[in-house]
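Read-outs throughout are calculated quantities, based only on the coordinates presented, and are distinct from any laboratory measurement. It should be emphasised that the depicted structure is a prediction, and the values quoted were computed from it without experimental measurement. FYI the Cβ positions are ideal-geometry reconstructions off the backbone, even for glycines, and counts take in every protein chain you see.
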Amino acid sequence: MWKKLPLIWKILIGMVIGIIWGMLAVTIGLEKFTINWIKPWGTIFINLLKLIAVPLIFVSLVNGISSLSDISKLSRIGLKTLTIYVITTVFAVFVGLSLVNLIKPGNTFSEEKRIAFNEQFQNDVNEKELLAEERKGESPLQYVVDIVPDNIISAASDNGRMLQVIFFAIIFGVGLVLVPFKKVEVVKGFFSGLNDVIMKIVDIIMIVAPYGVLALMAALVVDFSGDIDLFLALGLYSITVVIGLFFMILFFYPTIISLFTKIRYFEFLRGILPAQLVAFSTSSSAATLPVTKEQVENELGVSQKISGFVLPIGVTINMDGTSCYQAIAAVFIAQVFGIPLDVGDQLTIVLMATLASIGAPGIPSGSIVMLVAVLSAVGLPAAGLALILGIDRPLDMLRTVVNITGDSTVSTLVAKTEGELTYPPVRQNNNVNGDAMVSS
């Protein structure tokens, strides 16, 4: 019975059992048991996904780029990808700003609560301020400098430096395109075979996904059992963020897909649901990449050459959920401290949230550090982070869902414009040859 269930239902069942166990553990005093004996299995699951993230990104990009017949096609696809990513990110920031200015969640925050949580999270805030202090005085082009690695081995050893891995993979892939085919035939065959192996490893990892999700959800419920007052005090802020994120997930992306492709609204959502569930439980775009790639290829009909190029880039530079959240968080903190923000300040938030989301690593809570830069740009105190740190984790889970949904949307749109979208998809057995699908 269990073996015949689709992955979607297995993950959902794991999430439900995890939540039930977490609530039971809090009630009967099994918190320590849950943290010591159940949570580690969730950590192992995340580590398995992160383990495969860097090889998958590098091999997928190289394989995707090298499968393109000429460099002009590569530049065209790259320009489309970056343009659509930037447009969706800026739109997400405006959604966040519109909602936070309309709802004004910070105007209802209790002064007593603000002082208490400032004291409670002061150590965490000090660490974030220290990180921000280290970046002061740097060139405005430092973010560009950081993209180019001085040591690819070192960059590949750190999941937070995905941009550097992507940069090297693109250069390597371009090199394969420019060299005559006969000279690099063996190299291309090696990467094609390596991609097959990595995708098979992904299949093996996904066998344990329901159990990993169960452990993660159980631990999460236990971790936040003592913060119920925090959820109540910041409820309006949370609702504002959730509305913005759900707007992106349930309205913006499916509508764009249904308008520009043959994929229907609910078919799109159903197709990427397994990836959304994994994203929600892991809070990591990078860790979810293997599942996202599998779903857009098998369920949405995106060709492997397009998904292999667009999705790895999106893991790092397309953080729509992150940018929407950062806009809401920055204005919320300003409202709490009574600091007015004019139009210029809010336009600055648009720019900084866009840039910060591009630089945010695709790992759990990776956007928190980047939020410091957004706050500093408009003169807001970094101590305001203390107000939202306590409830960041569940919101981080949801904004990761937005991030990977945006990646899936852009890859589908690019595939459509390139004639690389086959819908309904022709299901294959992870046989990667770069041109396995034809235009619809």
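Rounded to the nearest 0.05, what FRET efficiency is calculated for Thr83 and Ile17 with R0 set to 45 Å and r the Cβ-Cβ distance?
0.55
If amide H atoms are built 1.01 Å from N in the plane of the peptide, which residues on other chains or at least 5 residues away come under 5 Å of the amide H of Leu421?
When sequence neighbours closer than 5 places are left aside, the close amide H contacts are Ser440.
Give me the net charge of Gly175's neighbourhood, meaning all other residues with Cβ under 12 Å from the Cβ of Gly175; Lys, Arg count +1, Asp, Glu -1.
Values: positive: Lys183, Lys188; negative: none.
Result for the neighbourhood of Gly175: +2.
Could you list Ser154, Ser285 so that the one with the fewest beta carbons within 10 Å of its beta carbon is first and the one with the most is last?
Sorted ascending by nearby Cβ count, the order is Ser154, Ser285.
Need one number: nm distance between label points at Asp203 and Phe260, each 7 Å from Cα along Cα→Cβ, rounded to one decimal.
According to this spin-label approximation, the distance is 3.2 nm.
I need Phe167, Phe58, Phe246 ordered by Cβ neighbour count within 10 Å, fewest first. Don't skip to the end; give the middle numbers.
On the way: Phe167 18, Phe58 23, Phe246 14.
If I rank by nearby Cβ atoms, fewest first, I get Phe246, Phe167, Phe58.
What nm value, rounded to one decimal, do you get for the distance between Val26 and Ser75 when each label is placed 7 Å out toward the C-beta?
Result: 5.7 nm between the two label points.
Which whole-Hz ³J(HN,Hα) couplings does the stretch 264-281 yield from phi under the Karplus relation 6.51 cos²θ - 1.76 cosθ + 1.60, θ = phi - 60°, glycine and proline marked x?
6, 3, 6, 5, 5, 4, 5, x, 9, 4, x, 5, 4, 5, 5, 4, 5, 7
Please give the contour-minus-distance gain from Asp146 to Thr108: 0.36 nm per residue of separation, less the Cα-Cα distance, rounded to one decimal in nm.
9.7 nm
Kindly put Lys4, Lys10 in sequence by how many other C-beta atoms sit within 10 Å of each C-beta, fewest to most.
Ordered from fewest to most neighbouring Cβ atoms within 10 Å, Lys4, Lys10 come out as Lys4, Lys10.
For the residue pair Phe33 and Phe246, what label-to-label distance in nm results when each label sits 7 Å from Cα along the Cα-to-beta-carbon direction?
Roughly 3.5 nm, to one decimal.
Between Glu185 and Lys3, how high is the FRET efficiency from 1/(1 + (r/R0)^6) when r is the Cβ-Cβ distance and R₀ = 56 Å? Nearest 0.05.
0.85
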